[in-house]
1. With all protein chains present and a 1.4 Å probe, how do Ile43, Ile30 order by accessible area, largest first?
2. Counting only protein chains, not ligands or nucleic acids, how are Arg111, Arg164, Arg31 ordered by accessible area (probe 1.4 Å), most first?
3. Could you rank Trp29, Trp24 by how accessible they are, 1.4 Å probe, largest area first?
4. Could you list which residues have their amide H under 5 Å from that of Ile170, counting only those 5 or more apart in sequence or on another chain, with H placed in the peptide plane?
5. Restricting attention to the range 36-78, which chymotrypsin sites (Phe, Trp or Tyr not before Pro) occupy a DSSP loop and are surrounded by at most 15 other Cβ atoms within 10 Å?
6. Anything over 26 Å Cα to Cα? Flag those among Lys48/Lys91; Lys17/Lys121; Lys48/Lys115; Lys8/Lys91; Lys8/Lys51; Lys51/Lys91, in the order listed.
Amino acid sequence: LTFIEGEKGGEHFVLEKWQLAIIWNIYGWIRPNGNRRYREAFIYIPRKNGKTPMIAGLVLYGLFCESEPGNQIFSAAADRDQASLIYRHAKGMMLAEEELRTRGEIYETSRTIIKKNSFCKYQALSSDSATKHGLNASMILVDELHAQPNHHLVDTLITSIASRTQHLVIYITTADFDRPSICNE
């Protein structure tokens, strides 16, 4: 994968040690039956430390490398523009890599990436929880958890993983001041 913007735009994405530690803990611990040990991660990362490209890389790994049929990956945030940042990076990384480019299709209007010849998809969601019932998520990424106005969207997404044996939920956020919020709870 490559960075899509900034000083490192076009350079290969090489994980920092702290990023490796996070990914090793999430993906490296497997139960004897082959399932993940951890199915939920809460990650605090200060602003401008590359959390969005790292999470976009995990989206692409989940979409193209996970073996569960019909993987459905969703990113969500307090608003669709914020949720779309992960999509933007995942799309750019996919377009920059020939093998991924040939294995996926991008649908800009719905902010969706589909793995060809499968029922696997990734989609950036709006923050309207009322329209998220009926999803069957295998991976959920909640960006900027501290900005969520209430529990509604997160609770709705969490119930969508019930039928998945290898589900993964990642909450990622920057530091927040002390105020009532789902993040600070």
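The values are calculated or read from the model by the stated rules, or taken from the named source; none is laboratory data. Please read all numbers here as calculations on a predicted model, not as lab measurements. Here Cβ is always computed from backbone atoms with ideal geometry, including for glycine, and neighbour counts include all displayed protein chains. In case anyone asks, the SASA skips ligands and DNA or RNA and just uses the protein heavy atoms, side chains included. Shrake-Rupley method; radii C 1.70, N 1.55, O 1.52, S 1.80 Å.
1. Ile30, Ile43
2. Arg31, Arg111, Arg164
3. Sorted by accessible area, descending: Trp24, Trp29.
4. Ala41, Ile140, Leu141, Val142
5. Loop-located and lightly packed - Tyr38.
6. With Cα atoms farther than 26 Å apart: Lys17/Lys121; Lys48/Lys115.
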